[in-house]
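Chemist: After the structure tokens below, expect a handful of questions from me.
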């Protein structure tokens, strides 16, 4: 072993020092025992003095942190560990569980004791008032405290409503042109739905969407027993996407008349967001099918475009997450009581959305449907004439040119009913006899139900210093012949 002697750096009051061994951080004594020059004796010297030994080595290594007495260095004897069996452990666990149970029971009992008896009674009353359930022929419903009904099984509702729903097939003829300039026509059929809403001695009246019957060369209706009969359009309201189809009762078999029924209509407008609803219709032309969901929103303003005319129109609709697909158009949106609260319109939803369907609320549809049913077209010899030419102002034109939507008058015939009433070139007609109009087609449709000499109110918007001012004009319709 090497000696590390450095009297200059590691002396303690004499030439004899305790150099530090760099390998183990201990001091190496190089002096002799019992000299006056060494002020620190080794641990070995101290030990020999205790034991009476005089033969000591001068190469004792020790750490300055190991200055312990003999008693400290002597290991203490460990007390023997008490041995307990497995049974003793189980007994302890059982005792602890019993104590916990007693304490917990006391706490809960004390809490119940402290709660007044009156509050407990109120809680039970509130809980019982939250909902009551009932079963009627397998149809389970829950009635909330507010009286609203939540249907958990809609089979009975559907069974009751299905006889009032029909499938409508629209046969149209489309013109096509080849690369060589030749034209040819092809017949196409489109599927939709309808709701039996009224009848008289001669006809059944079926409400549907206008786009379901638009451009029809032939219409057929299939009832719930799968009997199919011919139908015809009674009247339409393109701007509201509504139409009425009529079917002659003489064409319907007695068995079918016994099977079908008139739908229950609710036009009170008391629907609520979150209320459960059921949609029934001829989805994708496969036949009647049922979907259910809730009312997602009310009074949604939705803009759609008429594919046949290219005209855009905006309506206020009911939004639902019940699936409404092509073919569902014109079908019924029912509440939990089986009442029709809307007429489904897949056209409004578009083809690229999921969980978003729209229906025309019956608050809007019912008055229009009633008018379409009751009004009668006049004969050709009594047909009325307004006396204008106009171009349609749709949503896009309205936004680009800051104009109201309607019909922009481009010509007023001299001596016509329009000229005598004061209608001018540049005026925009927005209403005819109380009906919103967006196209000349709608005006011509409405004129079919007015005889010459009838007075109607025409609403126009006229430019005045860069602003359009609305005014009503009374027009006495002239004769078309």
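The values are calculated or read from the model by the stated rules, or taken from the named source; none is laboratory data. Here the structure is a predicted model, which means the values were calculated and not measured. Ideal geometry is used to build each Cβ from the backbone, glycine not excepted, and the neighbour counts take in all protein chains shown.
Chemist: If you take the residues in region 215-231 that are assigned to a loop (DSSP other than H, G, I, E, B) and surrounded by fewer than 19 Cβ atoms within 10 Å (Cβ to Cβ), which one is nearest to the chain's Cα centre (by Cα)?
Modeler: For region 215-231, the residue satisfying everything is 224.
Chemist: Would you tally the residues in region 400-430 being part of a loop (DSSP other than H, G, I, E, B) and surrounded by 14 or more Cβ atoms within 10 Å (Cβ to Cβ)?
Modeler: Keep residues of region 400-430 that are part of a loop (DSSP other than H, G, I, E, B), which gives 402-405, 413-416, 422-427.
Restricting the remaining residues to those that are surrounded by 14 or more Cβ atoms within 10 Å (Cβ to Cβ) gives 403-405, 413, 416, 422-423, 427.
Count: 8.
Chemist: Look through region 346-363, keep the residues that are buried (at least 20 other Cβ atoms within 10 Å of the Cβ) and in contact with a helix residue (DSSP H, G or I) (Cβ under 8 Å, 6 or more places away or on another chain), and return whichever of them is modelled with the highest pLDDT.
Modeler: 360
Per-residue answers, yes or no, for (1) assigned to a strand (DSSP E or B); (2) surrounded by fewer than 19 Cβ atoms within 10 Å (Cβ to Cβ); (3) not assigned by TED's automatic domain parsing to the domain that holds residue 360:
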residue	(1), (2), (3)
195	yes, no, no
212	no, no, no
245	yes, no, no
270	no, yes, no
273	no, yes, no
277	yes, no, no
